[in-house]
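> Below are the structure tokens for one structure; questions will follow.
FYI, it's all coordinate maths here, none of it is from the lab. These numbers were taken from a predicted model, which means no experiment stands behind them. Note: ideal-geometry Cβ built from the backbone for every residue, glycine included; neighbour counts use all protein chains shown.
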Amino acid sequence: MDTLTNSGSDSRPTTIGILGAGKVGTVLARLAVASGYRVLIASSRPPAAIALTIDVLAHGAEVTTASDAAGRADLVILALPLGKAVPRDGHQALPVGELRDKIVIDAMNYWWEVDGKRPDLTDSGATTSELVAALLPGSRVVKAFNHMGYHDLDEGPRPSGDPDRKAIALSGDDVAANEVAADLIDSLGFDAVDLGPLAEGAVLQPGRELFGANLSAAEIRDVVEQAAA
Ligand SMILES: NC(=O)c1ccc[n+]([C@@H]2O[C@H](COP(=O)([O-])OP(=O)(O)OC[C@H]3O[C@@H](n4cnc5c(N)ncnc54)[C@H](OP(=O)(O)O)[C@@H]3O)[C@@H](O)[C@H]2O)c1
């Protein structure tokens, strides 16, 4: 889809839900708590199973179930393996109803070592975030936090205007949702570079020009320009 929509202005989210409590999920939770957000985090296991991990790695985040996090959060970040979010058997793994009408940031990448060989995720020509969006009717999906490794994400936050500040690129079909995601990225300590519609996020995916990028906003724009040339 390359038609941008604008669903109007959104108020700034105060509660962030994070589905996935692994490497990326716990770093994002820690950064969001440090930035003053209320954070709800979940895995597929009962909350008690990750409580100690979260207390150590993201102290202050509230551990809950995925459906509760999705239901109570203003904005939800998907930080679970893509193959788990989009199971091979078509089973509904995400809390689709609770995610309806919400801004959903898809931080997931297809990684065959984790997700297995999945032609359904790789061969259509669509970005994986477009495939995720198709599973989430009514959700406003933004692709972000995909290209930067979790160590760089952890060490990257800098105040706005810092010459060493790194950037996170994003894409999405809903202009207002992209603005909210960009504001969150800025709050977490990174410049945001909006690439436009979700399909433009192909450059963020494994094997593509921006994957692994730990760059400034100007450097990211240069890479995107060269990729398009
Ligand atoms: N690692 C990176 O540097 C990096 C950077 C950018 C993007 N990404 C992408 O971000 C995603 C997460 O990567 P990661 O490295 O953080 O993986 P990870 O360390 O393996 O963590 C994945 C987390 O997702 C949870 N999970 C599994 N199924 C779930 C479900 N149905 N609902 C909620 N949570 C579920 C897992 O816990 P249980 O299995 O116990 O439920 C685990 O806490 C992947 O798609 C990856 O490609 C990774």
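> Go through the range 1-94 and name the trypsin sites (Lys or Arg not before Pro) that are in a DSSP coil and have 12 or fewer other Cβ atoms within 10 Å of their Cβ. Provide the component values of the computation, followed by the final result.
Working: sites: Lys23, Arg30, Arg38, Arg72, Lys84, Arg88; in loops: Arg88.
Within the range 1-94, the qualifying trypsin sites (Lys or Arg not before Pro) (loop, at most 12 other Cβ atoms within 10 Å) are Arg88.
> Might you report the magnitude of the Cβ-based charge dipole of the range 148-225 about its Cα centre, with Lys and Arg at +1 and Asp and Glu at -1, to the nearest 20 debye?
Computed about the Cα centre, the dipole is about 140 debye.
> Charges at C-beta only: +1 for Lys and Arg, -1 for Asp and Glu. How large is the resulting dipole of the chain about its Cα centre, in Debye rounded to 20?
Charge dipole, the chain, about its Cα centre: 680 debye, nearest 20.
> I want to check the label-to-label distance for His59 and Asn214. Put each point 7 Å from Cα in the C-beta direction and report it in nm to one decimal.
2.5
> Right, next: Taking other Cβ within 10 Å of each residue's Cβ, how do His147, His91 sort, fewest first?
On the way: His147 29, His91 7.
Neighbour counts put them in this order, fewest first: His91, His147.
> What distance in nm lies between label points placed 7 Å from Cα along the C-beta direction at Asp183 and Asp89?
4.1
> I need the calculated FRET efficiency for the pair Asp120 and His151, taking r as the beta carbon distance and R₀ as 25 Å, to the nearest 0.05.
Values: r = 30 Å, r/R0 = 1.21.
Plugging the Cβ-Cβ distance into 1/(1 + (r/R0)^6) gives 0.25.
> I've got another one for you. Quick one: which of 219-226, 179-186, 96-103 comes out on top by average Cβ neighbours within 10 Å, and what's the full order, highest first?
So the peptides 219-226, 179-186, 96-103, ranked by packing, come out 179-186, 96-103, 219-226.
> With the alpha-carbon atoms as the only input, what is the per residue convex hull volume for the chain in Å³?
117
> Which chymotrypsin sites (Phe, Trp or Tyr not before Pro) from the range 37-127 combine a DSSP loop assignment with at most 13 other Cβ atoms within 10 Å?
Trp111
> Per-residue ellipticity at 222 nm for the chain, helices alone: DSSP H runs ≥ 4 residues times -39500 (n - 2.57), over residue total, nearest 500 deg cm²/dmol?
Working: 11 runs with 86 residues, N = 229.
So the helix-based figure for the chain works out to -10000 deg cm²/dmol.
> By DSSP, what percent of the beta bridges with both residues in the chain are antiparallel, rounded to the nearest 5?
Numbers: 3 of 27 bridges.
Here the share of antiparallel DSSP bridges comes out near 10 percent.
> For Gln226 and Ala49, what is the calculated FRET efficiency with R₀ set at 41 Å and r taken between the beta-carbons, to the nearest 0.05? Spell out each step's value before the answer.
Details: r = 45 Å, r/R0 = 1.10.
Given R0 = 41 Å and the Cβ-Cβ separation, E is 0.35.
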